[in-house]
Amino acid sequence: MKRQLLIVAALTGGLALAASTASATGAPLWTETGTAYTDTLGGGQGLASRADGSLLYRGLADIPLSLRIKGWNHVGDPDIARGHVVDAYQGADTATSKMFAVTTPAGRRYEYVHPLSQGEKVNNSFAAVSPDARWLVAGEWGEQHRLQVFPAPLLNPSTPATGGTLAEAGQITLDRPVRDIQGCDFVTDTRLVCASNDASGTHFPEPRPLLQVDLPHALDGRAVTGTVTSLFALPQRSACTGGGYETEGVDYDPGTGILRAQMIQPGVCAVATTVYAYRETAG
C-alpha cells in the first residue's frame with residue numbers, strides 16, 4: 001500500500017497546484033497552501049490535529065478487532081479535545097444504535113452507545129467537539145436538515161465516567177438542507193466547517209463543497225439554528241480520470257490556523273487520499 005501511495009503521490013504532485021481563494025461573499029477567505037497524501041485504507045476516513053500540531057488519521061484499517069466483533073464496522077472523521085480522541089462508529093444498516101469511543105491521553109478507551117431515535121439514520125459520519133469540550137456534534141448521511149448534538153462523552157460531567165448510554169442533548173437545525181456531510185470541525189465557538197460529498201449541484205452550485213455553519217451563540221445543549229454558507233468547491237485533482245472522487249474528513253487546527261480537508265482520488269488512484277491545507281487570509 002505504501003509503495004502504491006508513493007507512486008500515486010508522485011504522479012499527482014506533477015499536476016498544477018491551483019491556489020484558489022474563491023469563497024462566498026462576506027465569508028472568510030481561505031487560501032490553499034499545500035497538499036499532502038495518506039493511504040486511504042489507513043487514513044482515508046478522517047483526520048484530527050493534536051496539540052503538538054501532528055495529525056491523527058483514521059481509516060477502516062484502524063478499527064480495533066474488539067470493536068469489529070461487536071459489529072462496529074465503520075469509523076468516521078475523528079476529533080481530539082484536551083488530549084482525548086473521540087471516534088464515531090457505526091454498524092450494519094440494520095443496527096439500532098451508534099457508538100462514540102473516547103480514548104484518554106493514558107490510552108484507556110470508553111464506549112458510549114446512543115440508541116437510535118425514531119427516524120434517526122444509522123450513519124455516524126463524524127465527531128466534532130466544541131472548543132469548551134462540553135458538546136459533541138455528529139451527523140447522518142444523505143439529505144439532512146440538522147446536525148445532532150450530544151454531551152461530549154467523558155468530557156462532559158453529565159455523562160458516565162467509564163462509558164455507557166449516550167442520549168442526544170438537542171440539535172442544530174440548518175436553515176437550508178445539506179447532503180452527504182463527511183466531516184465537521186469547529187473553527188470558533190460559533191462556527192463549524194463541514195465537508196460535503198454532494199456533487200449534484202442541487203443545494204449548492206459548487207461540487208463537493210466546503211460548507212460553513214454559523215451559530216447564534218455557543219452550544220449549550222439546547223436546540224439552535226445554524227446558517228449554512230457554501231465557501232468553495234474542494235479540489236478534485238488526480239493523475240487518474242473519472243468521477244470517483246469522495247470527500248472525507250475535515251480538521252481545523254486552532255494552534256496553527258490551518259484548515260485541512262481530505263479527498264479520495266478516483267479509479268486506481270483511490271489507494272491515496274489527498275489532504276488539502278488552507279489558511280485564512282484577509283479579503
Check your understanding: Can you tell me which residues in segment 125-150 are aromatic (F, W, Y), out of contact with any Cys (no Cβ under 9 Å at 6 or more places or on another chain) and open to solvent by less than 10 Å² (accessible area, probe 1.4 Å)?
Key -> F150
**Study point:** Test: L210 is surrounded by 22 or more Cβ atoms within 10 Å (Cβ to Cβ), modelled with pLDDT of 95 or more, farther than 23 Å from F150 by Cα and among the aliphatic types (A, V, I, L, M)
**Key:** yes
Review point. Could you list, in sequence order, the residues of segment 156-187 that are over 17 Å from N124 (Cβ atoms) and open to solvent by 60 Å² or more (accessible area, probe 1.4 Å)?
Key: P157, S158, A161, T162, D175, R176
Check your understanding: Which condition number does F204 fail, the rest of (1) modelled with pLDDT of 95 or more; (2) in a loop (DSSP other than H, G, I, E, B); (3) open to solvent by 20 Å² or more (accessible area, probe 1.4 Å) being met?
Key -> (3)
**Study point:** Failed item in (1) among the polar types (S, T, N, Q); (2) modelled with pLDDT of 95 or more; (3) open to solvent by less than 30 Å² (accessible area, probe 1.4 Å), with T12 passing the rest
**Key:** (2)
Exercise for review: Only residues in segment 164-190 that are in contact (Cβ under 8 Å) with a residue 12 or more places away in the chain and closer than 21 Å to T96 by Cβ count as the first member; pair them with residues that are open to solvent by 40 Å² or more (accessible area, probe 1.4 Å) and part of a loop (DSSP other than H, G, I, E, B), Cβ under 7 angstrom, at least 6 apart or cross-chain, and list the lot.
Suggested key: E168/S117; Q171/A223
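So that you can scan it fast, the table gives a plain yes or no per residue for (1) open to solvent by 10 Å² or more (accessible area, probe 1.4 Å); (2) aromatic (F, W, Y); (3) assigned to a strand (DSSP E or B); (4) out of contact with any helix residue (DSSP H, G or I) (no Cβ under 9 Å at 6 or more places or on another chain):
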{"residue": "R237", "(1), (2), (3), (4)": "yes, no, no, no"}
{"residue": "R260", "(1), (2), (3), (4)": "yes, no, yes, yes"}
{"residue": "T274", "(1), (2), (3), (4)": "no, no, yes, no"}
{"residue": "R279", "(1), (2), (3), (4)": "yes, no, yes, yes"}
Review point. Of the numbered conditions (1) part of a strand (DSSP E or B); (2) open to solvent by less than 20 Å² (accessible area, probe 1.4 Å); (3) over 25 Å from F204 (Cβ atoms), P153 satisfies every one except a single condition; which is it?
Key: (1)
Practice item. Look through R222, R237, R208 and report the one residue that is farther than 24 Å from G46 by Cα and of a type in the set (K, R). Key: R222
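Test T31 against the stated conditions and say whether it is touching a residue at least 40 places away in the same chain (Cβ under 8 Å), over 24 Å from D189 (Cβ atoms) and touching a Ser or Thr at 6+ places or on another chain (Cβ under 7 Å). Break it down into steps so the answer makes sense when it comes.
Details: touching a residue at least 40 places away in the same chain (Cβ under 8 Å): yes; over 24 Å from D189 (Cβ atoms): no; touching a Ser or Thr at 6+ places or on another chain (Cβ under 7 Å): yes.
Here the answer is no, as T31 does not meet what is asked.
Based on what the data block shows, is L215 open to solvent by 10 Å² or more (accessible area, probe 1.4 Å), within 23 Å of Y89 (Cβ to Cβ) and over 14 Å from the mean Cα position of the chain (by Cα)?
Numbers: open to solvent by 10 Å² or more (accessible area, probe 1.4 Å): yes; within 23 Å of Y89 (Cβ to Cβ): no; over 14 Å from the mean Cα position of the chain (by Cα): yes.
For L215, the condition - open to solvent by 10 Å² or more (accessible area, probe 1.4 Å), within 23 Å of Y89 (Cβ to Cβ) and over 14 Å from the mean Cα position of the chain (by Cα) - is not met.
The values are calculated or read from the model by the stated rules, or taken from the named source; none is laboratory data. Please read these numbers as outputs of a predicted model, since none were measured by experiment. As a convention, Cβ positions derive from the backbone with ideal geometry for all residues, glycine included, and neighbour counts pool all protein chains shown. To get the accessible areas, we keep the full protein, side chains included, count just its heavy atoms, and leave off ligands, DNA and RNA. Shrake-Rupley method; radii C 1.70, N 1.55, O 1.52, S 1.80 Å.
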